[in-house]
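Student: Got a structure for you, questions after.
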């Protein structure tokens, strides 16, 4: 049985007012969601000029502004939460919408942590990112702020690449035939993708998307030929998009969730498919392989999901127990993603092992995967990135056990400057020990 997602939404009027009049000392607010999310509390805080402390640390280098957001499952509202809580994971997005309710920007994210990391006093302690510059710009432009939440029902576990996501139909109660009307009688428009052809109806497409309306009504080539060619689109994703438009509930394979999201976003579907897919990927817990496979796609098509996946990748890759567990899909990452993850992994050996898959295709990456990107990131040029990657690693965290692991790593002999870096780090640790032997 496929896991299911339950969604909710609340306006954040108090947050809008607070952003307009932020006092120097900053502030913190909590927003409680209605049923069935009444046991969740979204905490939002803005940093004032005088604030300091670890909780205000920047999420990663490159964010020019930052404020804090989190989710908690308060134990006093659910005293028997271990037995009674309905959702095993949840995700929320703070979005800016215009007067027509159209999604203009995502300005914040928050999601629950793993079960073993729950706080004994406050239940779930989640993680959050709220971008201050985007938040200020949205409020200044007169947009309204809304928190959309999604909860994955208990029992789903970690979703893998073979999992599917259930998405409600796009036009409920209007087309009794549902998805069966696709390719049905009286079709007057054609979609072409990947060698496949889908027959559809202009009136249905125009009702589902303002982009389709403009394409199929007027002097554009698509209107004259009654055909829409999607050259770079996955035909399986196109079929899911059309079945959704025709009112059918769809089961989306996890690897197709982001390609489907990209199509729904490109054509501005009015059904809310984009939001459902975003909430699925913000709320669900994924396996390490799934995280690392989806991350480069999300980086291209959906920034909010990429931020969540990047945070998950940092956490997951820092907890590996063997080189065979490093996903080979890391080879497809953009360099900016790799650099940010390597910088944030606290254990330098696992940061190095992650970088080695990207640069060298070692130890468990196929030659085809390692050589897949072209241009500056082609396999032959990636070795030039080693100095920058080594400079990003947290060498001050390395201990003697890690030093031995580094020396045994199959990529180590070919990495320029690695042995010198290891020697300098161990020398510095020895000096620190001589100065402070009790540490």
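The values are calculated or read from the model by the stated rules, or taken from the named source; none is laboratory data. Predicted, not measured: the structure shown is a model, and the values here were computed from it. Don't worry about glycine lacking a Cβ; one is built from the backbone with ideal geometry, like all the others, and counts go over all protein chains shown.
Student: Suppose the filter is surrounded by fewer than 24 Cβ atoms within 10 Å (Cβ to Cβ), in contact (Cβ under 8 Å) with a residue 60 or more places away in the chain and not assigned by TED's automatic domain parsing to the domain that holds residue 426; does residue 296 pass it?
Tutor: So residue 296 does not fit the description; no.
Student: For region 1-41, which residues satisfy the criterion of being within 30 Å of residue 253 (Cβ to Cβ) and modelled with pLDDT of 75 or more?
Tutor: Taking region 1-41 and keeping what is within 30 Å of residue 253 (Cβ to Cβ), we get 1-9, 33, 36-37, 40.
Those that are within 30 Å of residue 253 (Cβ to Cβ) and modelled with pLDDT of 75 or more: 3, 4, 5, 6, 7, 8, 9, 33.
Student: Identify the single condition in (1) at pLDDT below 85; (2) out of contact with any strand residue (DSSP E or B) (no Cβ under 6 Å at 6 or more places or on another chain); (3) surrounded by 22 or more Cβ atoms within 10 Å (Cβ to Cβ) that residue 185 does not satisfy, given that it satisfies every other one.
Tutor: Exception for residue 185: condition (3).
Student: Find all pairs meeting these conditions: Cβ atoms under 7 angstrom apart; at least six residues apart or on different chains; first residue within region 411-439 and closer than 24 Å to residue 382 by Cα; second residue at pLDDT below 80 and in a loop (DSSP other than H, G, I, E, B).
Tutor: Short answer, once both residue conditions are applied: 411/362.
Student: Looking at region 126-141, which of its residues are out of contact with any helix residue (DSSP H, G or I) (no Cβ under 7 Å at 6 or more places or on another chain) and at pLDDT below 85?
Tutor: Here is the first cut: in region 126-141, the residues out of contact with any helix residue (DSSP H, G or I) (no Cβ under 7 Å at 6 or more places or on another chain) are 126, 128, 130-134, 137-138, 140-141.
Within region 126-141, 126, 128, 130, 131, 132, 133 meet the criteria.
Student: For region 270-279, does any single residue satisfy the condition of being outside the structural domain of residue 94 (by TED's automatic domain parsing) and more than 21 Å from the chain's Cα centre (by Cα)?
Tutor: Yes, there is a match, as at least one residue in region 270-279 is outside the structural domain of residue 94 (by TED's automatic domain parsing) and more than 21 Å from the chain's Cα centre (by Cα).
Student: Considering each of 144, 209 in turn, give the residue that is outside the structural domain of residue 231 (by TED's automatic domain parsing), modelled with pLDDT of 80 or more and surrounded by 15 or more Cβ atoms within 10 Å (Cβ to Cβ). Walk me through how you get there before you give the answer.
Tutor: On the way: 209 fails: outside the structural domain of residue 231 (by TED's automatic domain parsing).
Of 144, 209, the one residue that is outside the structural domain of residue 231 (by TED's automatic domain parsing), modelled with pLDDT of 80 or more and surrounded by 15 or more Cβ atoms within 10 Å (Cβ to Cβ) is 144.
Student: Pick out the one residue from 326, 305 that is surrounded by 21 or more Cβ atoms within 10 Å (Cβ to Cβ) and outside the structural domain of residue 384 (by TED's automatic domain parsing).
Tutor: 305
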